[in-house]
Structure formats: structure tokens, C-alpha cells
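Only one structure is covered here, and it is reproduced in the block below.
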Amino acid sequence: MQYLLVTHIPFARLEDGTSVLDGLWAEDLKGLVAAIGPITVAAPQLTAQQLQSWGPGVISLTPEDRIAFVGLPIRKGRFDFTYAARVRKALRGAVAKADLVHSSNLFQSDLALYYAHDLAVKLNKKTLFVVAEDFYDMQLWEWIRPERHWLKRWRAQLLLDKLDRHVRRRVQTSSLTFLHTPAAVARYRLFAANGVAIRQPVHEREDVISAERFAARRAAQLNLEPLTVCTAGRLEPLKGVDFLLRAVSILKQRDIFVRARLYGRGKQLDALKALAGRLGIADRVEFPGALSPTSVLREALAGADLFLMPHLSSDFGRAFFDGLSAGCPVIAFRSIASEDTVRHGVDGLIAPNADDEGLADAIAQYHRDRDMLVRASEAARARALENTKSFWSGYRARMILDLFPASRP
């Protein structure tokens with residue numbers, strides 16, 4: 001099978017034939033190759049100096065990794081009127097050679113890449129479309145909600161609705177659609193001709209907290225040691241970290257001592273530190289900074305008792321499984337995402353949305369009932385052992401291969 005993945009995530013090609021790209025994205029591609037076989041990736045081609053990473057860094061891929069790259073042109077500016085035509089020219093040959101074309105939801109600057117999916121449909125080829133995040137709700141929070149000028153806000157809403165229509169059109173025509181978040185399922189399942197909910201953990205069984213360390217933490221919990229709660233992510237308004245701080249303050253007023261570790265960076269960092277000071281809980285709250293989503297993060301989370309996700313939006317991605325792999329029950333605000341992910345009363349608790357006291361009540365419940373905490377921790381660890389990256393990679397691969405029944409053994 002000739003597998004073509006079309007993406008907006010750039011790469012750089014070096015003179016020695018290796019390709020350089022974001023490290024986290026490279027690991028995702030390697031997982032796909034391990035499950036499905038060799039692939040071709042069509043992506044914007046930058047110079048090595050231009051390439052940036054959103055994770056722990058960039059890595060190089062060699063031909064032995066079985067990932068070939070087709071370089072796509074870069075938009076030269078807002079008034080680059082030839083950009084779409086150049087993209088179509090670069091994609092036309094790659095799509096013609098492919099048996100399956102894999103693409104995903106895009107933002108305004110990358111809409112020309114939808115040509116690959118549309119051409120594949122026209123040529124009656126198999127297509128896979130991935131809604132990789134709840135981009136609609138996330139953009140409402142980060143793009144439209146902060147805008148105070150009515151005209152700019154109106155224009156931004158029109159653009160977001162346009163992006164939404166683009167996604168609906170592609171899921172309707174795709175042979176198979178993977179919906180990576182519960183919010184994406186809720187928004188697009190009725191439009192998708194063949195839509196499936198997909199989880200996306202990044203851990204393997206060996207990454208889950210060891211039985212020995214888990215037993216030691218369980219003993220401390222049953223010995224009524226003070227609980228440590230943690231969260232990890234961008235320190236931005238939609239993540240609701242300020243609600244966590246106020247919950248710790250409420251618990252202090254109830255004479256319940258809780259430590260909080262808030263991993264991450266973002267524009268709210270200084271404001272959150274100031275809020276902790278005003279609430280009189282600075283001695284109970286740590287801001288260790290951002291950690292790369294690797295073993296370093298998992299090691300840090302394993303030092304906590306509870307993982308909190310007080311997200312105000314319906315964005316609910318990989319961090320949930322990061323918490324589970326550390327054997328931590330997850331406490332989250334109620335949303336479409338959390339209700340379809342957290343098993344309330346089993347491996348976590350769901351609190352009323354945007355409710356400081358509700359969040360404090362959930363933490364207090366585990367503080368008072370340590371047997372309940374131990375049971376939830378065991379359930380979280382067991383779920384992490386079942387839901388590994390390899391499991392979900394294999395699951396996705398089987399669904400893709402089912403599009404080609406003649407090639408199945």
C-alpha cells in the first residue's frame with residue numbers, strides 16, 4: 001500500500017539525505033510506520049535554520065526509518081497569490097501514486113493542503129481524515145473570546161465557522177475518519193461517513209509507574225500523608241489553573257493541607273504566582289516550570305497523588321493518559337470531553353464546571369477516604385497498562401488496512 005500523509009507540520013532536508021523534524025511528531029510517524037509500513041509524508045519544506053520544535057527538540061530521520069518526504073512550497077506572505085497553485089502542483093503527482101491519502105483539520109494559512117484529500121476523492125482513492133484536536137472550542141477561547149473589538153470578533157467568528165465547514169465537508173467524503181477527542185466526536189460524528197473515536201496516549205507499558213513505586217505511594221496514602229496534586233500544561237486562561245489555586249485556598253480554610261505542583265509555562269505564570277500570594281498559599285504551591293513530554297514528565301507526575309485537569313474548554317488530549325500512567329486519579333471539570341474520558345468514581349472524579357468549591361470538594365473526598373483514593377489509583381494504573389501507544393497504533397492500523405480487504409492475510 002502506498003500511504004501518503006499530507007501535513008502542515010514542516011521538515012528540513014539536509015545534504016546527507018536525512019530529514020529533520022519536530023521530535024514528538026517524528027515519534028508519531030515512527031509509530032505509524034511500525035503499525036502500517038513505509039509511508040510518504042508531504043509537508044512544507046524549510047531550511048534547518050528555519051525549523052522550530054514545539055516539544056523537546058528536533059530529530060533526524062534516515063532512509064532506514066522508511067519515511068520518505070515530499071517537499072511542499074512555503075507561503076511567501078499574505079499576498080502570495082501563486083501559493084495554492086504551487087501546492088497543487090507539488091501534491092498532484094504524490095496523490096496520483098498513493099493508494100491512501102491521510103490528511104487532517106487545518107487552519108486558514110494551510111487550507112491549500114486540502115487539495116490532496118479532494119483530489120483523492122475525485123480519483124476514487126481511499127482517504128483517511130483526522131480531526132486531531134477540538135480546534136473549534138479551543139479557538140473560541142484563545143482567538144475569539146479575548147477579542148474586544150466587535151468587528152474583529154465578528155470577522156474571527158466568520159473565519160472559524162469557515163474552518164468548521166471545511167472539516168465537515170472532508171469528514172463527509174472520507175473513507176475513514178479518526179476523531180481524536182471526545183469533543184471532536186460530539187461535533188463531527190453525525191457528519192462523518194465512517195467516524196471512529198480514537199485515544200492517543202504516548203506511553204508504553206514500561207512507562208507506567210512501577211509496581212514497587214506504586215506500592216510505596218499507596219502505603220504513604222494509607223498512612224494519611226498530605227496529598228500532592230499536580231497539573232501539567234500551558235499556563236493559559238482556558239486551562240483553569242486559577243481555579244486550582246482557589247481550591248487549594250478553600251481546602252486551607254477547611255484545615256486540609258494539600259501541596260500543588262503546577263508544571264508548565266505561559267502568559268499567566270506571573271499572575272498565577274501573584275494569586276497564590278494573595279490567597280496565602282504560596283508555601284503550598286510550586287511552579288517547577290515546563291517539562292518535556294517524555295520520561296522526565298512521567299517521573300515528575302509519579303511523585304503526585306492526584307492529576308488535575310480543570311480545563312474550561314473541551315480540549316482534553318494526551319495529558320489525561322499522562323496522569324493515568326503515573327497511577328494518578330484524574331479530577332476534571334465537567335465537559336463533553338471529561339464525561340467521555342474520566343470514569344467518575346472509578347479512576348477519577350468530575351467536578352462542576354468553573355466551580356472552585358466543587359474542585360476543592362473532589363480533592364477533599366480523596367483526602368478523607370484514602371481507601372477510595374487507593375482504589376481509584378489502582379484503576380488509573382490498570383487503565384494505563386491497557387491503553388498504550390502500541391495498542392492504539394495497532395487499532396488504527398487494523399482499521400486502515402480494513403479499507404483494503406484484498407490485501408489482508
task: Working only within the range 313-347, note down all residues that are among the small types (Gly, Ala, Ser), closer than 22 Å to residue 291 by Cβ and without any contact (Cβ under 8 Å) to a residue 40 or more places away in the chain.
output: 332
query: Counting just the residues of the range 357-409 that are among the basic types (Lys, Arg) and under 30 Å from residue 249 (Cα atoms), which one comes out surrounded by the most Cβ atoms within 10 Å (Cβ to Cβ)?
result: 381
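Residues are listed down the side, and each one gets a yes or a no for (1) modelled with pLDDT under 95; (2) under 21 Å from residue 142 (Cα atoms); (3) not assigned by TED's automatic domain parsing to the domain that holds residue 132:
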{"position": "305", "(1), (2), (3)": "no, no, yes"}
{"position": "310", "(1), (2), (3)": "yes, yes, yes"}
{"position": "323", "(1), (2), (3)": "yes, no, yes"}
{"position": "327", "(1), (2), (3)": "no, no, yes"}
{"position": "338", "(1), (2), (3)": "yes, yes, yes"}
{"position": "356", "(1), (2), (3)": "no, no, yes"}
{"position": "365", "(1), (2), (3)": "no, no, yes"}
- prompt: Just checking, how many residues over the range 347-356 are surrounded by 14 or more Cβ atoms within 10 Å (Cβ to Cβ) and either touching a helix residue (DSSP H, G or I) at 6+ places or on another chain (Cβ under 6 Å) or under 13 Å from residue 306 (Cβ atoms) (or both)?
  reply: 6
- prompt: So, in the range 49-78, of the ones that are of a type in the set (Gly, Ala, Ser) and within 24 Å of the chain's Cα centre (by Cα), which residue ends up modelled with the lowest pLDDT?
  reply: 55
statement: Scanning the range 1-35 for residues that are among the small types (Gly, Ala, Ser) and closer than 21 Å to residue 47 by Cα, the one surrounded by the fewest Cβ atoms within 10 Å (Cβ to Cβ) turns out to be 17
- prompt: Is it true that some residue in the range 133-146 is under 30 Å from residue 1 (Cα atoms) and touching a strand residue (DSSP E or B) at 6+ places or on another chain (Cβ under 8 Å)?
  reply: no
message: Among (1) more than 27 Å from residue 309 (Cα to Cα); (2) among the hydrophobic types (A, V, I, L, M, F, W, C); (3) surrounded by fewer than 19 Cβ atoms within 10 Å (Cβ to Cβ), there is one condition residue 192 misses while meeting the rest; what is its number?
response: (3)
- prompt: Regarding residue 248, is this residue under 15 Å from residue 307 (Cα atoms), touching a helix residue (DSSP H, G or I) at 6+ places or on another chain (Cβ under 7 Å), part of a helix (DSSP H, G or I) and β-branched (Val, Ile, Thr)?
  reply: yes
task: Read through the list (1) under 30 Å from residue 269 (Cα atoms); (2) modelled with pLDDT of 95 or more; (3) among the acidic types (Asp, Glu), then give the number of the only condition that residue 236 fails.
output: (2)
query: What strands (runs of 3 or more DSSP E) completely inside the range 1-120 contain at least 3 residues that are over 18 Å from residue 396 (Cβ atoms)?
result: 11-13, 19-22, 39-46, 58-61, 67-72
task: Considering every residue within the range 325-336, establish whether at least one is over 30 Å from residue 26 (Cα atoms) and part of a loop (DSSP other than H, G, I, E, B).
output: yes
- prompt: When the range 276-292 is examined, which residues are found to be in a helix (DSSP H, G or I) and over 21 Å from residue 307 (Cβ atoms)?
  reply: 277, 278, 282, 283
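The values are calculated or read from the model by the stated rules, or taken from the named source; none is laboratory data. Given the structure is predicted, the values throughout are model-derived calculations rather than measurements. We place every Cβ from the backbone using ideal geometry, glycine too, and count neighbours over all the protein chains shown.
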